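Here the structure comes first, spelled out in structure tokens, and everything after it is commentary.
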Amino acid sequence: RRMRNLVKMSDLSKEEVYSLIQRALELKAGASPIQRPDLIAANLFFENSTRTKHSFEVAQMKLGLQVLNFEASTSSLNKGETLYDTCKTLEAIGCNMLVIRHSQEAYYQELEGLTIPIVSGGDGSGEHPSQCLLDLMTLYEHFGLIEGLEVVIAGDIKNSRVARSNYHMLTRLGAKVQFVGPQIFADPTLGQMVDFDQVIGQVDACMLLRVQFERHQEAVALSRADYHAHYGLTPARYQALKPQAIVMHPAPVNRDMEIASELVEAPQSRIFTQMTNGRFMRQAILEKLIADNAL
Ligand code: CP
């Protein structure tokens, strides 16, 4: 089937996920990416970003694309122009694809009238498909499979687009996912919280999530030290991991809250590997978008 847009993980079949992982690993191993200097990619980030924005930009440069970075703060959005009219304008002036991050959940539903494809860099507390794919790539690269892995996701489950995308796709691929965190961060539609110390020694991957102070009031009242002691990766929990287990975090990291600062680059941490993999996965996503939309 054809990937018209990539805005949520249900846009992809399991076969497409594995094919994107294989292509991203080939690119990481030195395969030449396609070269399309005739195409223009526009990046519209209405929420802050370091990794997603800049790794999409690097991926676009590696594919030879021309890159237009839309500046929301100096645009006609400030005169009341809608997201749809902004995107339709970029289409009208010749942009061939859009990468969009927006705080509104499912913002892309407003953009169905566009003829150019969209890749989502995250929609509010909805989904973060390119992060999910780079996380799956990182797991596959280490373990050689995803089916049967045991994964614990620790942190702000309720507000996390990363947790939502990863839970749904990991489960579809046959991994077992459990959650850790304070009750205020629970999402009963995904699962109940379990005790971190009961599962830490059994899991293959410990995925930590950032406490998103900007999204909700409850987080502001949390004590960093209490949070770290109950739900963070402490040196003692790191020691309890299986020797082959890996530690992941989408970043940015609140050091000494989700993870002890000294563990961010520990031998079993793959936090910076995730960022490297993100660039290659985003190249693979853009190649597929170009092919599937016959751009
Ligand atoms: N992981 C992630 O999405 O990071 P940024 O917010 O910096 O893009």
Exercise. Among the GluC sites (Glu not before Pro) within the stretch 233-266, which fall in a DSSP loop and have no more than 11 other Cβ atoms within 10 Å of their own Cβ?
Worked result: Glu265
For this session: On a C-alpha basis, how far is the centre of the stretch 187-205 from the centre of the stretch 162-182 in Å? Whole number, if you could?
Result: 10 Å
Seminar exercise, completed: Sorting Asp204, Asp156 on solvent-accessible surface, 1.4 Å probe, most exposed first, gives Asp204, Asp156
For this session: Using DSSP, restrict attention to beta bridges with both residues in the chain and report what percent are antiparallel, rounded to the nearest 5.
Result: 5 percent
Problem set entry | Percent RCO, i.e. relative contact order, over the chain, from Cα pairs under 8 Å lying at least 6 residues apart | 22 percent
For this session: First select every other residue whose beta carbon is under 12 angstrom from the beta carbon of Met193; then total the charges, Lys and Arg +1, Asp and Glu -1.
Result: -2
Exercise. Sequence-distant or interchain residues sharing an amide H contact under 5 Å with Ser125, placed H: which?
Worked result: Glu105
Problem set entry | Per-residue [θ]222 nm for the chain (sum of -39500 (n - 2.57) over DSSP H runs n ≥ 4, rounded to 500) | -11000 deg cm²/dmol
For this session: Could you give log10 I(q)/I(0) at q = 0.08, 0.15 Å⁻¹ for the stretch 138-292, computed by the Debye formula over C-alpha point scatterers of equal weight, without solvent?
Result: -0.22, -0.78
Exercise. Taking the Cα centre of the stretch 213-295 as the origin, how large is its charge dipole in debye, to the nearest 20, when only Lys and Arg (+1) and Asp and Glu (-1) carry charge on their Cβ atoms?
Worked result: 220 debye
Exercise. Tell me, what ³J(HN,Hα) does each residue in the stretch 138-146 have, in order and in whole Hz, if you take phi through Karplus 6.51 cos²θ - 1.76 cosθ + 1.60 with θ = phi - 60° and put x for Gly and Pro?
Worked result: 5, 5, 5, 4, 7, 9, x, 6, 10
Problem set entry | Neighbourhood charge, 10 Å Cβ-Cβ cut-off, centred on Leu286 and excluding it, Lys, Arg +1 and Asp, Glu -1 | +3
Exercise. Where the only charges are on Cβ atoms (+1 Lys, Arg; -1 Asp, Glu), what is the dipole of the chain about its Cα centre, to the nearest 20 debye?
Worked result: 480 debye
Problem set entry | Accessible-area ranking of Tyr227, Tyr84, Tyr238, Tyr167, largest first, probe 1.4 Å | Tyr84, Tyr167, Tyr238, Tyr227
Seminar exercise, completed: At 20 °C and 1.002 mPa s, the Stokes-Einstein diffusion coefficient in µm²/s for the stretch 93-203, with hydrodynamic radius from the Kirkwood sum on alpha carbon pairs, is 139 µm²/s
For this session: Mind checking which lysines have their Cα closer than 17 Å to the Cα of Lys79? Skip sequence neighbours fewer than 8 apart in that chain.
Result: Lys88
Exercise. Which of the GluC sites (Glu not before Pro) found in the stretch 1-77 are loop residues per DSSP with 13 or fewer other Cβ atoms within 10 Å of their Cβ?
Worked result: Glu71
Seminar exercise, completed: Using a 1.4 Å probe on heavy atoms of the protein chains only, the accessible area for Arg224 in Å², nearest 10, reads 110 Å²
Seminar exercise, completed: Taking 242-252, 94-104 and ranking on average Cβ neighbours within 10 Å, highest first, one gets 94-104, 242-252
Exercise. Along the charge dipole of the stretch 222-264, Cβ charges K/R +1 and D/E -1, which of Gln239, Ile259, His228 sits furthest on the positive end?
Worked result: Gln239
Problem set entry | Ratio of Rg to Rh over the chain (Cα coordinates, Kirkwood Rh, two decimals) | 0.97
Exercise. Can you list residues whose amide H is under 5 Å from Phe179's amide H, if they're 5+ apart or on another chain and H is modeled 1.01 Å from N?
Worked result: Ile153, Val194
Exercise. What net charge is computed for the residues neighbouring Ala106, neighbours being all others with C-beta under 14 Å from the C-beta of Ala106, Lys and Arg scored +1, Asp and Glu -1?
Worked result: -2
Exercise. Once the Cα gyration tensor of the stretch 1-140 is diagonalised, what are the square roots of 5 times its eigenvalues, in whole Å and ordered largest first, as equivalent ellipsoid semi-axes?
Worked result: 25, 18, 14
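The values are calculated or read from the model by the stated rules, or taken from the named source; none is laboratory data. Values in this document were obtained by computation on a predicted structure and should not be read as measured data. When we count neighbours, we look across all protein chains shown, and the Cβ atoms used for this are built from the backbone with ideal geometry, even at glycine. Note: areas computed on protein heavy atoms with side chains; ligands, DNA, RNA excluded. Shrake-Rupley method; radii C 1.70, N 1.55, O 1.52, S 1.80 Å.
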